[in-house]
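Written below as structure tokens is the structure these notes are about.
Coordinate-derived values only; no laboratory data. Note that the coordinates shown come from a computational prediction; the quantities given were computed from them, not determined experimentally. Glycine gets a Cβ as well: all are built from the backbone with ideal geometry, and neighbour counts include every protein chain shown.
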Amino acid sequence: MSAAIIRLKTAIENAEAILVGAGSGFSTAAGYTYSGKRFHQHFADFIGKYHFGDMYSAGFYPFPTPEEKWAYWSRHIYYNRYDQPESPVHKALLQLLQGKDYFVLTTNVDHLFQNNGFDKQRLFYTQGDYGLWQCQTPCHHQTYDNEDTVRRMIKEQRNMKIPTELVPHCPVCGEEMEMNLRADASFVEDEGWHAAAARYHDFLSKHQTGSILYLELGVGMNTPGIIKFPFWKMTAANPQATYICLNKGEAGSPHEIKRQSILMDDDIASVLHELLRERRETP
């Protein structure tokens, strides 16, 4: 094993608690890429018409009609939220966390953690959920499960359009619904969101001191104020804390916590599976 793997293995074994911070790079490591083969496989018609380069940027396109918008978005939701094969990467992380007091803070909205066996009470999806809609206004702070309607949209869409009667509307004011994804101040933080936030803050309060491991996986600089910067700050405030950054091409930390940091510019899936193999082989 490399020196970094040895340090990482030891840090996990010795930690009293582990706070996982997962960004988009973690879903990418699980195969949920937003461009390339997977994008072309499911969106060839939209790519041909609009020359989209990836699913993320396509989501911001001002489609000319609601029927076309929801034809695109139903596919986006379905292939990133409901059509999910088991993720060996998430399963490996879960096995590494067994026996530890852990919590997962993630900016990902694909539900891969919960769908791969993580305890819902130990998850906080800060940026929303592909499986939820909200009023676009919003006229009230409630979200709505979209699975049944999305599956109908997938089944019944033709020529890049869904039937007009499937366009989702708010049951309160009648305005069109929108994704429950944090893009601006209209994002609805519903009852479930606040309950998860409270559990997260309870975890932080419980582990302000002691041997806590801040395990950052695939977090870039898109929204560093949610995971990366707080992890740095909490590590600096606790001499017994360890900060681990595992991110291909973007592994770094401030000089102030250099001695407490383990930085791995490597493939997340490979590292987690190597750790798991080592754990199984160690007597």
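Observations
- In sequence order, calculated HN-Hα J values of segment 248-261 (Karplus, 6.51, -1.76, 1.60; Hz; x Gly/Pro): 5, x, 9, 9, x, 7, x, 4, 4, 10, 4, 5, 9, 10
- Distance from segment 208-229 to segment 14-86 (C-alpha centre basis), Å: 24
- Once backbone amide H atoms are built at 1.01 Å from N, residue 261 has 243 as its partners under 5 Å, excluding neighbours fewer than 5 places away on the same chain.
- Signed unit charges on C-beta, dipole axis of segment 1-88, positive-most listed residue 47, 87, 24: 47
- Amide proton proximity set for residue 248, modelled H, under 5 Å, gap of 5+: 266, 268
- Taken about its Cα centre, segment 54-94 carries a charge dipole of roughly 120 debye when the Cβ of each Lys and Arg holds +1 and the Cβ of each Asp and Glu holds -1.
- Annotation: amide H of residue 123 within the under-5 Å range of 104, sequence separation 5 or more or interchain, hydrogens built in the peptide plane.
- Rounded to the nearest 20, the size of the Cβ-charge dipole of segment 103-203 about its Cα centre is 340 debye, with Lys and Arg at +1 and Asp and Glu at -1.
- Taking a quarter of the surface of the Cα convex hull of segment 81-211 gives a mean projected area of 10.0 nm².
- Computed helical MRE - 222 nm, the chain, DSSP H runs ≥ 4 contributing -39500 (n - 2.57), nearest 500: -11500 deg cm²/dmol
- Checking every one of the chymotrypsin sites (Phe, Trp or Tyr not before Pro) in segment 1-60 against DSSP loop status and a limit of 15 other Cβ atoms within 10 Å picks out 60.
- Antiparallel %, DSSP beta bridges [both residues in the chain], to 5: 25
- Farthest positive-ward along the chain dipole, Cα basis, beta-carbon charges - from 170, 139, 58: 58
- For the chain, diffusion coefficient by Stokes-Einstein and Kirkwood Rh (Cα), 4 °C, 1.567 mPa s, µm²/s: 64
- Global dimensions of segment 1-160 from alpha-carbon coordinates: Rg and Dmax equal 18.4, 56 Å.
- Degrees between helix 3-14 axis and first principal axis of the chain (Cα, 0 to 90, nearest 10): 90
- Gained length - residue 148 relative to residue 189, 0.36 nm times residue gap less alpha-carbon distance: 12.5 nm
- In segment 119-176, the convex hull through the Cα atoms has an average projected area of 5.4 nm², a quarter of its surface area.
- Derived scalar couplings between HN and Hα for segment 45-52 equal 5, 5, 5, x, 7, 10, 6, 5 Hz in order, rounded to whole Hz, by the Karplus curve 6.51 cos²θ - 1.76 cosθ + 1.60 (θ = phi - 60°), x for Gly and Pro.
- Max-minus-min Cα coordinates of segment 178-283 on each principal axis give 49, 32, 30 Å, with the largest extent listed first.
- The ranking of 160, 55 by Cβ neighbour count inside 10 Å, starting from the fewest, reads 160, 55.
- Here the relative contact order of segment 168-243, from alpha carbon pairs under 8 Å that lie six or more residues apart, stands at 26 percent.
- Placing +1 on the Cβ of every Lys and Arg and -1 on the Cβ of every Asp and Glu, with nothing else charged, gives the chain a dipole about its Cα centre of roughly 700 debye.
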